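Below is one structure, written out as structure tokens; the observations come after it.
Here, each number is a calculation from the coordinates, and none is a lab measurement. All of these numbers come straight from a predicted model, not from anything done at the bench. Cβ placement follows ideal geometry from the backbone for every residue including glycine, while neighbour counts extend to all protein chains displayed.
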Amino acid sequence: MERRSDYKTALLIDAAIHEAAATGRSAARDLALLGIPFETAMRVLTRPDERRHPQPPGIARSVSAA
């Protein structure tokens, strides 16, 4: 069964945020390069508690915004 595209987008967002934190790059720039809509990127970077697919407890989230 094919997963919903918004779940795939959530995985891309998580990967971009993790990579940006690890490398010191801008998560916002990485999300834009992945084609994540601006409104979505703004929501996940500025209001992470409103994410539809939140990370499990115990996983630290570090965001490097532009």
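Residues in the range 7-16 carry Karplus couplings, in order, of 6, 4, 5, 4, 5, 4, 5, 4, 5, 5 Hz; the curve used is 6.51 cos²θ - 1.76 cosθ + 1.60 with θ = phi - 60°, and Gly or Pro positions show x. So for the pair ARG29, ASP49, with labels modelled 7 Å out along Cα→Cβ, what separation do we get in nm? In this crude label model, ARG29 to ASP49 measures out at 3.0 nm.
Pop the C-beta distance of GLU39 and ASP14 into the FRET formula with R0 = 22 Å and round what comes out to the nearest 0.05. The computed FRET efficiency comes out at 0.80. In order along the range 30-41, the Karplus-derived 3J(HN,Hα) couplings, from 6.51 cos²θ - 1.76 cosθ + 1.60 at θ = phi - 60°, round to 4, 5, 4, 5, 7, x, 5, x, 3, 4, 5, 4 Hz, and Gly and Pro are given as x.
Highest mean packing comes first when the peptides 10-23, 29-42 are listed by Cβ atoms within 10 Å, giving 10-23, 29-42.
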